[in-house]
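This report refers to the structure that appears directly beneath it.
The values are calculated or read from the model by the stated rules, or taken from the named source; none is laboratory data. The shown structure was predicted, so the numbers you read here are calculated from the model rather than taken from an experiment. Counting neighbours? That spans all protein chains shown, and the Cβs are built from the backbone with ideal geometry, glycine included.
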Amino acid sequence: MKIGEVASRTGLSAHTLRYYEKIGLIPVAPKDQAGQRAYDAAIFPWIEFLGRLKQTGMPIQGMLRYATLRAAGPVTELQRRDLLIAHRERVRAQIAQLQACVCVLDDKIVGYANTIMERTGHDTGSTL
């Protein structure tokens, strides 16, 4: 596949794919006879996984560390697992913080609904 098709299917720009390749986040794609990158479909699960790491807040350096370990093969499985465990704990802590924020928002919404009801006699529906 050409870089444009990979970009289209992944939502990443061609520029981002080239950058990821340049820094070693994705493997260097072989070039076809015209000198254009020719990606294999096997790249998609890896790009999707990288997207999950990025979406969950892993810094690019952490992603590069994981990619480097992955490229080194099975001998690094323990290190990769440990890296993902540590990241998962950071994500869980962030989820807990966000959940606490949602609870505060819920309380505020209910409070407003109650005061509006008391003042106007109309149920605004707190939508919780």
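Under 6 Å between Cβ atoms, at least 6 apart or on separate chains: pull out the pairs that start in segment 25-46 with a residue that is within 18 Å of G11 (Cβ to Cβ) and in contact (Cβ under 8 Å) with a residue 40 or more places away in the chain and end on any residue that is surrounded by 10 or more Cβ atoms within 10 Å (Cβ to Cβ) and of a type in the set (F, W, Y).
I26/Y20
Of everything in segment 119-128, what is assigned to a helix (DSSP H, G or I) and hydroxyl-bearing (S, T, Y)? Give them in sequence order. Lay out the reasoning, then the answer.
Going residue by residue through segment 119-128, those that are assigned to a helix (DSSP H, G or I) are 119-120.
Hit for segment 119-128 is T120, nothing else.
In this structure, is E77 among the acidic types (D, E), closer than 30 Å to L12 by Cβ, exposed (fewer than 11 other Cβ atoms within 10 Å of the Cβ) and at pLDDT 95 or above? I'd like the intermediate steps shown before the answer.
Details: among the acidic types (D, E): yes; closer than 30 Å to L12 by Cβ: yes; exposed (fewer than 11 other Cβ atoms within 10 Å of the Cβ): no; at pLDDT 95 or above: yes.
The answer is no for E77.
Take I116 and decide whether it is in a helix (DSSP H, G or I) and either aromatic (F, W, Y) or at pLDDT below 95 (or both). It would help to see each step written out before you state the result.
Numbers: in a helix (DSSP H, G or I): yes; either aromatic (F, W, Y) or at pLDDT below 95 (or both): yes.
Criteria met by I116.
With the structure loaded, tell me whether A38 is closer than 20 Å to M1 by Cβ, surrounded by 13 or more Cβ atoms within 10 Å (Cβ to Cβ) and in contact with a Pro (Cβ under 6 Å, 6 or more places away or on another chain) or whether it fails that test.
yes
Those residues that are among the polar types (S, T, N, Q) and surrounded by 13 or more Cβ atoms within 10 Å (Cβ to Cβ), I need them from segment 45-74; list them, please. Walk me through it before giving the result.
Looking only at segment 45-74, we keep the residues that are among the polar types (S, T, N, Q), and these are 55-56, 61, 68.
Once the filter is applied, which keeps residues that are among the polar types (S, T, N, Q) and surrounded by 13 or more Cβ atoms within 10 Å (Cβ to Cβ), segment 45-74 yields T56, T68.
Which one is farthest from L53 (Cα to Cα) among residues in segment 73-105 that are over 20 Å from the mean Cα position of the chain (by Cα) and of a type outside the set (A, V, I, L, M)?
Let us first name the residues in segment 73-105 that are over 20 Å from the mean Cα position of the chain (by Cα), namely 73-79, 100-105.
With the extra rule that they be of a type outside the set (A, V, I, L, M), the set shrinks to 73-74, 76-77, 79, 101, 103.
Numbers: G73: 19, P74: 20, T76: 18, E77: 17, Q79: 16, C101: 23, C103: 26 Å.
Filtering segment 73-105 for residues that are over 20 Å from the mean Cα position of the chain (by Cα) and of a type outside the set (A, V, I, L, M), the one farthest from L53 (Cα to Cα) comes out as C103.
Which members of segment 87-128 meet the condition of being of a type outside the set (D, E, K, R), surrounded by 12 or more Cβ atoms within 10 Å (Cβ to Cβ) and either free of Cβ contacts under 8 Å to residues at least 12 places away in the same chain or more than 30 Å from P59 (Cα to Cα) (or both)?
Step one: list which residues in segment 87-128 are of a type outside the set (D, E, K, R), which gives 87, 91, 93-105, 109-117, 120-122, 124-128.
Add one more test, that the residue is surrounded by 12 or more Cβ atoms within 10 Å (Cβ to Cβ), and what stays is 87, 91, 94, 109-110, 112-114, 116-117, 124, 126.
Matches in segment 87-128: I109, V110, Y112, A113, N114, I116, M117, T124, S126.
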